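Below: the structure, in structure tokens.
The values are calculated or read from the model by the stated rules, or taken from the named source; none is laboratory data. Here the structure is a predicted model, which is why all the values come from computation and not from measurement. Here the Cβ positions follow ideal geometry from the backbone for every residue, glycine too, while neighbour counts run over all protein chains shown. When the accessible area is computed, the model is the full protein with side chains, heavy atoms only, and any ligands, DNA or RNA have been set aside. Shrake-Rupley method; radii C 1.70, N 1.55, O 1.52, S 1.80 Å.
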Amino acid sequence: MSEAHAASYRAREVPAPAQVIDGVWAVPVPLHGSALRAVTVFLIETRAGLVLIDAGYDHPSCWASFRRSLTAIGHTVEAISTVLITHNHPDHVGFADQVRTLSGARVLMGAADDFATMHRVRGAFLDQLGTALDLTGAPRDVVDGMYADAVKVAEHHERLRLDTALMGDTDLDFGDVTIRAVHTPGHTYGHTVYYDSRGLVFTGDTMMAEGPTQLAIVSRPGDDPAGDLQRSLDRIRDLGATIACPAHQFPYRDVAGRAEQLKAFHQAEADLARGLMGPDATAWDVARRMPWKKPWDELGPGTRRFSLVHTLALLRNAQARQLP
């Protein structure tokens with residue numbers, strides 16, 4: 001199934017629902033208005049009802065596509081008993097409330113990504129982004145322009161109420177299936193992967209089949225998402241999983257090998273940023289000298305914003321590693 005998913009992904013198509021193993025379904029959901037094209041949610045058949053991993057985007061077209069896909073594989077929304085969310089980005093929390101309204105499902109997510117907790121500790125997503133952009137040392141007009149562009153695409157209601165906020169690692173029993181929630185910060189501060197005892201790990205946005213991981217936004221003293229990610233990749237490597245099921249791209253094998261590969265990439269990236277840092281250099285200075293896929297001036301506005309905030313996280317990691 002992963003070969004078909006991979007071919008569709010590389011052809012920039014949205015794959016059809018497909019079985020990963022017996023009783024586990026990958027259900028790609030098109031993302032309205034997003035360059036990502038789709039997010040893959042996963043459906044697990046258990047004696048305690050269907051378990052849904054992630055909940056797409058909050059848009060009528062995404063909800064309609066998800067329901068059609070469930071019908072095509074012989075299931076209904078009403079049979080979902082639990083929604084396990086990997087993290088609080090809008091393409092993952094989207095229709096969790098709609099599922100709960102129809103089925104009475106419980107909704108669970110890592111405590112640090114609970115919106116009420118996040119707002120109390122860090123503020124809303126756009127507040128965090130504004131703080132991060134200020135911390136980069138970019139000129140005021142650049143910061144204001146990047147923030148204005150972000151508001152157009154990143155604003156969402158952030159009102160989802162959890163039935164359970166997961167505190168650290170937690171074993172969840174579904175009768176014939178046990179799923180361990182494992183806290184894996186790096187992409188967000190409460191990111192959680194879910195390890196199915198049959199050897200699958202649902203990695204959310206922490207570990208794709210290809211490409212790097214986007215780091216969480218640095219907005220508070222002590223934030224070090226690059227360091228968090230390194231430790232999280234070690235945790236995923238050591239789970240013993242045989243198949244990784246990411247929320248984007250496609251499922252793949254050699255989970256431990258991919259974790260090591262990604263860890264090495266991000267370590268080299270952090271080392272490069274550290275070498276470019278200099279005594280008075282800001283993230284704005286370093287980002288424009290980093291080797292992105294295109295020269296800095298040729299990057300699109302959104303990519304430039306992501307790259308700048310990502311560089312801030314890399315420099316924060318360099319500073320953390322210099323501490324005694």
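How far apart, in nm, are two points set 7 Å out from the Cα along the Cα-to-Cβ line at residue 170 and at residue 298?
4.7
Could you point to the residue in 148, 193, 25 farthest towards the positive end of the chain's charge dipole, with +1 and -1 charges on the Cβ of Lys/Arg and Asp/Glu respectively?
148
Using θ = phi - 60° and the Karplus curve 6.51 cos²θ - 1.76 cosθ + 1.60, what whole-Hz ³J(HN,Hα) does each residue of segment 121-136 get, with Gly and Pro shown as x?
8, 10, x, 5, 3, 5, 5, 4, 4, x, 4, 4, 4, 4, 6, 6
Put +1 on the Cβ of each Lys and Arg and -1 on the Cβ of each Asp and Glu in the chain; which of 311, 168, 219 then has its Cα farthest toward the positive end of the dipole?
Checking the options against the dipole of the chain, the answer is 311.
Straight-line reach from residue 152: which lysines have Cα under 30 Å away, leaving out those fewer than 8 places along the same chain?
Filter leaves 293, 294.
Calculate, for residue 81 and residue 321, the FRET efficiency according to 1/(1 + (r/R0)^6) with r their C-beta to C-beta distance and R0 35 Å; round to the nearest 0.05.
0.20
How many angstrom separate the Cα center of segment 254-271 from the Cα center of segment 275-313?
Going from one Cα centre to the other spans 20 Å.
R0 = 41 Å: FRET efficiency of residue 134 with residue 101, Cβ-based, nearest 0.05?
Computed FRET efficiency for residue 134 and residue 101 comes out at 0.55.
Between residue 48 and residue 254, what's the calculated FRET efficiency when r is the beta-carbon distance and R0 is 22 Å? Round to 0.05.
Once rounded, the FRET efficiency stands at 0.10.
Mind jotting down the distance between the C-alpha centroids of segment 76-145 and segment 48-75, whole Å?
19
Suppose every Lys and Arg Cβ carries +1 and every Asp and Glu Cβ carries -1, with no other charges. What dipole size does segment 108-162 come out with about its Cα centre, to the nearest 20 debye?
For segment 108-162, the charge dipole is close to 220 debye.
What accessible area per residue comes out for the chain, rounded to a whole number of Å², with a 1.4 Å probe? Don't skip to the answer; put the middle values down first.
Working: 14030 Å² over 324 residues.
In whole numbers, the chain has 43 Å² accessible per residue.
In debye, nearest 20, what is the charge dipole magnitude of the chain about its Cα centre with +1 on Lys and Arg Cβ and -1 on Asp and Glu Cβ, if you could check?
With Lys and Arg at +1 and Asp and Glu at -1, about 300 debye.
Considering the options 257, 50, 276, tell which one lies farthest towards the positive end of the dipole of the chain, charges being +1 on Lys and Arg and -1 on Asp and Glu at the Cβ, about the Cα centre.
Working it through, the farthest residue towards the positive pole turns out to be 276.
In a Gaussian network model over the chain where Cα atoms closer than 10 Å are linked, find which of 226, 244, 148 has the largest mean-square fluctuation.
Judging by the Gaussian network model, the answer is 148.
On the protein heavy atoms, probe 1.4 angstrom, tell me the percent of accessible surface of segment 194-283 carried by carbon and sulfur.
So the carbon and sulfur contribution to the accessible surface is 53 percent.
Does segment 33-89 come out rounded, prolate or oblate by the C-alpha gyration tensor, with a ≥ b ≥ c the root eigenvalues, rounded set by a/c under 1.5 and, if not, prolate when a/b is larger than b/c and oblate if not?
It is oblate, given that a/c is not under 1.5 and a/b is not larger than b/c.
Taking only DSSP H segments of four or more residues, each worth -39500 (n - 2.57), what value at 222 nm results for the chain once the sum is divided by all its residues, to the nearest 500 deg cm²/dmol?
Mean residue ellipticity, 222 nm, calculated: -12500 deg cm²/dmol.
About the Cα centre of segment 130-173, how large is the charge dipole given +1 on each Lys and Arg Cβ and -1 on each Asp and Glu Cβ? Please answer in debye to the nearest 20.
280
List the residues whose amide H sits under 5 Å from the amide H of residue 178, counting only those 5 or more places along or on another chain, with H placed 1.01 Å from N in the peptide plane.
When sequence neighbours closer than 5 places are left aside, the close amide H contacts are 197.
5 Å is the cut-off here: which amide hydrogens, built 1.01 Å from N in the peptide plane, fall below it relative to residue 40, excluding neighbours closer than 5 in sequence?
29, 248
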